[in-house]
Amino acid sequence: MSKEFIIIIGIAYYVVTVGLIILVLNLMQKKEKNSYRKSLQELEKNKNLLVSAALMAELKKVEPLVINTPMKAQFLEWQHKFEVIKTEDVPRITDMLLEAEEIFDQKDYKVLKKKLSDIELDIYYVKTKADFLLEEIKEITLSEERNRETITKLKASYREILVKYQEHKNEYELISSPLDLQFERVDKLFSAFETHMENHAYQEIGKIVKALDDLIGNLRLVLEEAPTILMLGKNILPKKMESILKTSANMEREGYNLDYLNIAYNISESNKKIADVFQRLNVLNIEDSVLELKTMHDYFDSIFNEFEKERISKKIFSDYSRTLTLKISKLTKINDTLLKKLKDIQYSYDLGEEDVAIVFQIKEELALERGEYDDVIAESREKKSSYSHLGKEMELLNVKVSKTEEKLEVALRTLGSLKEDELRAREQLDEMKSILGNAKSLMRGFKLPFVPNRYYVELSEATEAIANMVEELEKTPISIKVLNTRVDTARDLVLKFYNTTKSIIKTAEMAETAIVYGNRYRALSRDVEFGLEKAEKSFYNGDFKKSLETAIEAINVIEPGIYKKLMEEYEG
């Protein structure tokens, strides 16, 4: 490929690239131009909708209704607002659109963009004014239909309330005067509504409808809640307060202290609140009245619960005041007796101060508990505390005394078990001596040709352990910890010796039986004879286990399974 051809290709690529860039830029410019043209058209359309047919139609509907001075003034104001929109706002926006067209033709899109934003904002502002004006006018043009519908519903609701009042008038006797005045006021407002409708005084009609809605709603609420208010305030609560005063007076005569309940003050404050509720009820203001009265009702119910709690607490206090003094006295007596014997126990069983410290601790606790008991009793005699407080104090004291009682029981078991341990050790000493003697008798009764050395070693260990145990029992004072160790050691060694003795004797018996049993086969087999001779030799050397194994092995040549048969014969 020649150099000239390469240059031509490069130029061609350059030309094509430049052409593509120009094409893309033209397309982008065309798209931007179309976008701005579309925006101008949209704004033009929105401008033309500002003076809507609906607005002009509503203004025409109002014109026949202008029969009084206030309405005439309102109508003129609306006409003025409409003319401002029509003759000032819309032409101004038109001029702005023309300016935007000129900028568009000059292709100054940067300036055009800001201009379009200003026009859009201005159109939105004028449209908002027009919409608001339309809503104001509709308030009048649709007023009659809408208010008629509302008044019809209010009249139906009012008739329902009035019938209920007339049928149950005796329930509202205390507030009949303000209720009658309120019903009369509602009737006047209904008449005023009709008058203003005839005179097209629409500015006042909305206020009348709102007032009727509020009054009828309040009347309905009063008729629903007034019976409850009257029943609670005039009947239930006064009776409860009277019963509470009577009950509290009787309980105070019986010795109960009820100062913490502040009954007189709370009843006085409750009467003030009830009076306030009825003052507000006389002007038909029942806001939160039922809630306040029900809260007082719940409070007085809680007072009766407190009375019952005091009665129960008095019984608890009385029960504990009798039982606790007896329990504390009993525990003190037991602990004092233990203290008197403590030095002897310490000396007899080699106890240190830390071993008996619990007894002195119990003595201090019982003294403190006796003091607390006396304080509570003294407090009860002064009649300055409620039984709920005194009962709780006694319950807490009872818990403390019960814990001290548990400590004393543990101390008694611990110290009392020392003598039991000593007696049990002496009993076990006799048992171990008996076991040791039986083992030796067994060995003497079975005349073995040779006694294995382990028999004598274990006999020596068991005998020494028993001697150590006897030595510990003869000491003064006795150390129970050491004694228990000696007892355990001696018992283990004696039982070990006894089991060893039985094992030696049993093995020797079985070996002897096997040899005697095998003698019948001596003549039949030289191997059997040779094996039995070895077994006899081991037997006389005291190796009874090896003797048994050798004898069984020899006999097994002639009679397989001999071990099982020998065991059955031995057991038999």
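Just a few scattered comments:
- Residue in segment 370-382 that is closer than 30 Å to Phe307 by Cβ, outside any helix (DSSP H, G or I) and at pLDDT below 85 present: yes
- Checked against the criterion of being assigned to a helix (DSSP H, G or I) and at pLDDT 85 or above, segment 475-482 has no qualifying residue.
- Considering segment 315-344, the residues that are at pLDDT 85 or above and more than 20 Å from Glu406 (Cβ to Cβ) include one that is surrounded by the most Cβ atoms within 10 Å (Cβ to Cβ), namely Phe317.
- Restricting segment 279-295 to residues that are without any contact (Cβ under 8 Å) to a residue 60 or more places away in the chain and not β-branched (Val, Ile, Thr), the residue that is farthest from Leu261 (Cα to Cα): Asn285
- Filtered residues of segment 501-560 (kept if of a type in the set (S, T, N, Q), in contact (Cβ under 8 Å) with a residue 12 or more places away in the chain, more than 30 Å from Ala439 (Cβ to Cβ) and in a loop (DSSP other than H, G, I, E, B)): Ser525
- Taking first residues from segment 459-472 that are assigned to a helix (DSSP H, G or I) and partners that are among the aromatic types (Phe, Trp, Tyr) and buried (at least 20 other Cβ atoms within 10 Å of the Cβ), the Cβ contacts under 7 Å between residues at least 6 apart in sequence or on separate chains come to Leu459/Phe497; Ala462/Phe497.
- Of the set (1) part of a helix (DSSP H, G or I); (2) of a type in the set (Ser, Thr, Tyr); (3) modelled with pLDDT of 75 or more, all apply to Tyr256 but (1).
- For segment 407-427, the criterion of being surrounded by fewer than 14 Cβ atoms within 10 Å (Cβ to Cβ), at pLDDT 85 or above, in a helix (DSSP H, G or I) and not assigned by TED's automatic domain parsing to the domain that holds Tyr540 is met by no residue.
- The residues of segment 269-296 that are within 15 Å of Met231 (Cα to Cα) and not in a helix (DSSP H, G or I) amount to a single one, Ile286.
- Flag for Asn266 being surrounded by fewer than 17 Cβ atoms within 10 Å (Cβ to Cβ) and outside any loop (DSSP other than H, G, I, E, B): yes
- Members of segment 205-256 found to be under 14 Å from Phe278 (Cα atoms) and either small (Gly, Ala, Ser) or not assigned by TED's automatic domain parsing to the domain that holds Glu149 (or both), listed by number: Ala226, Gly233
- Only one of the listed residues (Met241, Met251) is buried (at least 18 other Cβ atoms within 10 Å of the Cβ), modelled with pLDDT of 80 or more and in a helix (DSSP H, G or I). That residue is Met241.
- Restricted to segment 351-366, and to residues there that are surrounded by fewer than 12 Cβ atoms within 10 Å (Cβ to Cβ) and assigned to a helix (DSSP H, G or I), the residue that is modelled with the lowest pLDDT is Glu353.
- Test result for Glu395, at pLDDT 85 or above and surrounded by 18 or more Cβ atoms within 10 Å (Cβ to Cβ): no
The values are calculated or read from the model by the stated rules, or taken from the named source; none is laboratory data. Quantities reported herein were computed from a predicted structural model and do not represent experimental measurements. Cβ sites come from the backbone with ideal geometry, for glycine too, and all protein chains shown count toward neighbours.
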